[in-house]
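Accompanying notes for the structure given below.
Where a number appears in this text, it was derived from the coordinates with a stated rule and is not lab data. Computed from a prediction, not measured in an experiment: that's the story for all the values here. Cβ placement follows ideal geometry from the backbone for every residue including glycine, while neighbour counts extend to all protein chains displayed.
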Amino acid sequence: MTSSKLTPPPLQNDCFALPPGVKWTPVADAHAMLQRRLDVVVGTEVLSVRDAFGRVLAAPVIAKRSNPPAANSAVDGYAVAGATFEAGTHVVALVDGRSAAGQPYSGTVPKGQALRILTGAAMPVGTDTVILQEDVTLGEQEIAFRGPLKLSANARKAGEDFATGDEVLPSGRRITATDMALLTASGAQDVTVRKPLRVAVISTGDELAEAGESATPDQIYDANRPMLLSMAKRLGHDVVDLGRIADNREDVRAALDDAAQRADVILTSGGASAGDEDHMSALLQETGAMALWRLAIKPGRPLALGMWNETPVFGLPGNPVAAGVCALIFATPAMGVLAGEGWQEPEGVLLPASFEKRKKAGRREYLRARVREGQVEAFASEGSGRISGLSWADGLVELPDEAMDIKPGTLVRYFSYRDFGL
Ligand code: AMP
Ligand code: MG
């Protein structure tokens, strides 16, 4: 077992530096770089299996017992030694007693006789086959049925699902509701899991007003922070809400200092490009550990990636659509690595488009999309301030870096938000 005191080393400060001279970074290269440079940053702890739902396994789970632990009946019926009965009619004496789930029969069933057995009950000594009760005529102290019997019919073998010592779940797995059944059946008591990844979320911009409060006409509500906090929560991380920060270099600096102390990764939005008020990119550049990635992606202005006091920072664009898409395409898989789940990219499905679009070569495009009657619909406007489209959509369509002429019926790759883990 991994010691809970063991913590991985801090990330190197130049982890996002791109080779000099690189201009537009293809999405695939950015992904490869993130995968190469990032590693798990959270330690481990031991939890009772009861509390493990939603946590990430830090070690494989090895079955402590087989499933089923002992041979048992798959149906309600009568247990016999199957080989004894050939073709033809048989009338067989019933042994006194029965075997029920949790209440096994303690005796031995003599050859040529039968014992009443219920679903889930241990196969009694002397038997290997169960005759369905529907295939039997029941008398006072005997049953009648037709042979031949299929040997071992309606009986589950010990360990036929998994055996003691089998690896039932791998390290890195985020435990699902169905995994809880498997973990419990395998006899797990304590499991070694990752401590939750702490994700700090900061919004920047003088124009931002707080959700639920009054706003002047020249203000907009901070829409990114609630979205990013909710995404991080839904992905299974712990969140640290650091609020809105004005477009002021020192305030942004203080917010990053605070975030780096309290979190394992920082998501910011706004101020990520190279304008006068783009303090996020300026500050990250100051540390010398910043890559202002001109990503070949639409939507998405430059994504500022950097390290702040050894904590990775994703400086997402301010436009909510671009912030949402960049969070899904870059921050989500990266947070998976930091959290110990490993890099996971959704596979998506190829489905016929119901829309038309001519796409130029050069950058990958993501459209807000949803599936209706087996076809992919795209949101009418591609404007990256159109927040309504984010919510209208159930996912994204990914159009490749190359040019593409999409007509109704053209196959396009669709990822539902769920595919990203949301
Ligand atoms: P910026 O990247 O800071 O230049 O912002 C680009 C656009 O996104 C501007 O129109 C901002 O007002 C808008 N924006 C920035 N942050 C947010 C936010 N948290 N919620 C909604 N819109 C935002
Ligand atoms: Mg701004």
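Some notes on this structure:
- Segment Asp238-Tyr221, extension gain: residue separation times 0.36 nm, minus the distance between their alpha carbons: 3.8 nm
- Under conditions of 4 °C and 1.567 mPa s, segment 72-156 yields 107 µm² s⁻¹ as its translational diffusion coefficient, taking Rh as the Kirkwood radius over Cα pairs in the Stokes-Einstein equation.
- Normalised per residue, the volume of the convex hull around the Cα set of segment 111-209 (Å³): 235
- Using a cutoff of 8 angstrom between alpha carbon atoms and counting only pairs six or more residues apart, the relative contact order for segment 72-156 works out to 44 percent.
- Computed over the chain, relative contact order equals 16 percent, with contacts defined as Cα pairs under 8 Å that lie 6+ residues apart.
- Working from label points 7 Å from Cα in the Cα-to-Cβ sense, the Asp51 to Ala209 distance is 4.3 nm.
- In the calculated pair-distance distribution of segment 73-118, the portion above 14 angstrom amounts to 49 percent of the Cα-Cα pairs.
- Take the Kirkwood radius over Cα pairs of segment 28-113, plug it into Stokes-Einstein at 4 °C and 1.567 mPa s, and you get 67 µm²/s for translational diffusion.
- Taken over segment 349-420, the convex hull of the Cα atoms encloses 87 Å³ per residue.
- Prolate/oblate/rounded label for segment 116-164 (Cα gyration tensor, a/c 1.5): prolate
- For segment 150-189 versus segment 344-368, the gap between their alpha-carbon centres in whole angstrom: 39
- Dipole magnitude of the chain about its Cα centre (Cβ charges: Lys, Arg +1; Asp, Glu -1), debye to nearest 20: 780
- Separation of segment 245-289 from segment 405-422 is 33 Å, based on Cα centroids.
- Eigenvalues of the alpha-carbon gyration tensor of segment 219-287, scaled by 5 and square-rooted, set the equivalent ellipsoid semi-axes at 21, 15, 10 angstrom, largest first.
- With the convex hull drawn over the C-alpha atoms of the chain, the volume per residue is 205 Å³.
- For the chain, built as a Gaussian network whose Cα springs stay under 10 Å, the top-fluctuating residue of Asp247, Asp401, Asp128: Asp128
- Among 161-167, 313-319, 258-264, the peptide with the highest mean count of other Cβ atoms within 10 Å heads the list, and the full ranking is 313-319, 258-264, 161-167.
- Backbone N within segment 350-373 under 12 Å of label point (7 Å from Ala403 Cα along the Cβ vector): 358-362
- Note on the chain: with a GNM built from Cα contacts shorter than 10 Å, the maximum mean-square fluctuation among Gly300, Gly385, Gly147 falls on Gly147.
- Listed residue pairs exceeding 21 Å between alpha carbons, taken from Lys359/Lys407; Lys233/Lys298; Lys64/Lys157; Lys111/Lys150; Lys298/Lys360; Lys298/Lys357: Lys233/Lys298
- Under 24 Å from the Cα of Lys5 - lysines, other chains or at least 8 residues apart: Lys195
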